[in-house]
Structures are given as C-alpha cells and as structure tokens.
Amino acid sequence: MSLTGDVLHRLKKAGLSPRKGLGQNFLVDETALRRIVQAAELTSDDTVLEIGAGPGGLTRLLAAQARQVVAVEIDPGLVEILQSVVSDFGNVQIVQGDILTLPLESLLSLAPVGSHEQFKVVGNLPYYITSAILRRLLESSRKPSLLVVTVQEEVARRIVAQPGEMSLLAVSVQFYGRPRIVGRIPAGAFYPPPKVDSAIVRVDLTQQARADVDDVGWFFSVVRAGFSARRKQLHNTLVHSLALPAPEVRAALDRAAIDPSRRAQTLSLDEWARLSHELRCVAGPQS
Ligand code: SAM
C-alpha cells in the first residue's frame, strides 16, 4: 500500500480526520521523508527528538537510523496510531503532550541508553507554532546540536535572510546557528495538501552565539524593540519602544556606527550586538 493509502487507512480505521487547527498536514511522499532524514546525517549514536510525530511516517525512518527517538505528539488519537506504526522498533519513546510546555530535560531523560548530552531535533513542524517551537529550542539551556525542520517555504526564506531582509525570526535563529535551506517540498507531498509549498531547513547550532553579546536577554529586548515597527526609522522605533531619551539613543547609534535613519531589517548580527551594547550604557543595568 502507498504511504498516502496507509495513512488514510489508519486514520479511517481510528475514526479520525486531519485537524487543521493542529497543523495536521501529513507528509506522505517517501522521497521527501527520506530527504529530511538524510539532512539530519544520523548515526547509530544519535538521540533524536521528533516534534509532531503524527501517524509516524517520519518516525519509522528516524528509528531505523538513530540510536533512540523521543517522539512528541499532542493529539491522543494520533498517538495510538503512532504506537502501532512503530511497535516493531524498540528504540522509540512516545510522549503525548505539547512541545511548548513539556520540559526538554525530562523528554531527553526518556532516551534510556547511551549518552544524550547531544541530541538532534527533526520534525515536520505544525506551522501555526513554528516560531514558538524554534524559539523554545534555541533559547533552552539544553540546546540540540542540529535542527532539521520542515516549515512553510516563505518562513524558510525568512530564517536564512541576509541584512536588508532580516526579521526577528532571522536574528533569533542566526544568533544561535547557521541555517540553510536543504530542500523544497511541494504542497502535493502532503495529505491534505496545504495552501503553500514547504522547505526543509537545517540549522547547525554553534558552540558560541554568533555575535559578541554580554547580556542575551537585553540583546533580544533591543532586537524586539527594533522590529516592533520595522518600516520606521530605527532611531524613532527604539526611542518609542525602549522609552529612552531621544538624544541618548541617537548618541548610542552614533557610537555603534549605525545611521539612525536605517530600518531594522538592514542590520547585521554584529550591528545589533554593538547597538545593544551601547544602549545598555544608556539604559543602565536595571532595565
Ligand atoms: N510528522 C508527521 C508527518 O511528517 O506527517 C506529522 C506532521 S504535521 C505537519 C504536525 C504534527 O504536529 C501533527 O501531527 C500535530 O498533531 C502535531 N502537533 C501540533 N501541535 C503540537 C504541539 N503543540 N506539540 C506537539 N505536537 C503538535
């Protein structure tokens, strides 16, 4: 039976249909699934955290290559299907729950054998919470070494954007790692097909943040403030969003060698780092 047929059959048998509100577009194209797994370069030493395992098409392929897989799925109906689909693998731990609230540390402790100091995250992400999932993983104290995620193509382009087209999402991902698009998946590879095409993004996380920043929390306060009105000039946006005196914000921009009339999307990571450092001096340690 084809993968589409198999998924349909299992859903029907369980009396389920895909839930749009949970981003349930299942990947039923074997080639696309294999490309995701390939991009993760799995070895028999790897622990994989799979996000949004659904009916398990990807989970099976991951389990065949990795040492262990912790598969998280929010929908209890799908968890039952997933259990039967991976029943012949002894290295899959299934967790029913919300990836945005489950503690990463306890998820990883479910991987019973070997060292799980290092782990990789793979997932065909539920699109309605893509940014929240990425933020959670990247900001965690237990960061993965590698992320391979399928996201909407337009979101993938935003993640890998360069100065001129940067966004809060691009800065957030690029601060922690090097993202690149490793493949495109047409909407027709999913059941049901979503409205837009998707792309596979691989992010290699770096040991150190990719910009020299003393206070990561403050750095992101400044970046968020900068992007709060992305079409406005940076100087005005920062004065307004950070509630700092205009002359001092202008002086901080000068010291950071950034023209006050620039827009947030034109700044590089290094420029954000310089700016947050200079604004720290203006705002003082309490902010
Ligand atoms: N991995 C499967 C595949 O490739 O066909 C399913 C991918 S589907 C795009 C996203 C999956 O994430 C769905 O099964 C959905 O139920 C699940 N999901 C949605 N929100 C979730 C959350 N907050 N935590 C965990 N899983 C979630």
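Values in this text are rule-based calculations from the coordinates and carry no lab data. What you are looking at is a predicted structure, and each value in this text was computed from that prediction instead of being measured. Cβ atoms come from the backbone with ideal geometry, glycine included; neighbour counts cover every protein chain shown.
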Any lysines with Cα under 16 Å of the K120 Cα? List them, leaving off those in the same chain fewer than 8 positions away. K143
Tally Lys/Arg at +1 and Asp/Glu at -1 over every other residue whose Cβ is under 12 Å from the Cβ of I51; what's the total? -1
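Compute the convex hull volume of the Cα atoms of the range 1-76, divide it by the residue count, and report the result per residue in Å³ as a whole number.
On the way: hull volume 7.1 nm³, N = 76.
Dividing the Cα hull volume of the range 1-76 by its residues yields 93 Å³.
Only counting other Cβ atoms within 10 Å, I'd like T4, T130 sorted with the fewest neighbours first.
Details: T4 16, T130 21.
Starting with the residue having the fewest Cβ neighbours, the order is T4, T130.
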On full extension of the chain, what length is gained from R178 through D214, given 0.36 nm per residue of separation minus the C-alpha to C-alpha distance? 10.9 nm
So Q65 and S44, fully extended at 0.36 nm per residue minus their Cα-Cα distance, gain in nm 7.0 nm
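Counting only DSSP beta bridges with both residues in the chain, what percent are antiparallel, rounded to the nearest 5? Each step should come with its number before you reach the end.
Values: 17 of 35 bridges.
Antiparallel: roughly 50 percent of the beta bridges in the chain.
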Could I have the simple spin-label model distance between R142 and S109, label points 7 Å from Cα toward Cβ, reported in nm to one decimal? 0.8
Summing +1 for each Lys or Arg and -1 for each Asp or Glu, what net charge is found among the other residues whose Cβ lies under 13 Å from the Cβ of Q83? -2
For S87 and N236 in one chain, what is 0.36 nm times their gap in residues minus the Cα-Cα distance, to one decimal in nm? 47.8 nm
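Any chance you could list the semi-axes, whole Å, largest first, of the equivalent ellipsoid that the Cα gyration tensor gives for the chain, using √(5λ)?
Numbers: eigenvalues 321, 78, 48 Å².
The three semi-axes for the chain are 40, 20, 15 Å.
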How long, wide and thick is the range 28-140, going by the Cα atoms along their three principal axes, in whole angstroms, largest first? 31, 30, 25
Compare the peptides 198-209, 135-146 by average per-residue count of other Cβ atoms within 10 angstrom and give them in order, highest first. 198-209, 135-146
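Cβ under 15 Å from L42's Cβ, L42 left aside: what net charge do those residues give with Lys, Arg +1 and Asp, Glu -1?
Residues near L42 contribute +1 overall.
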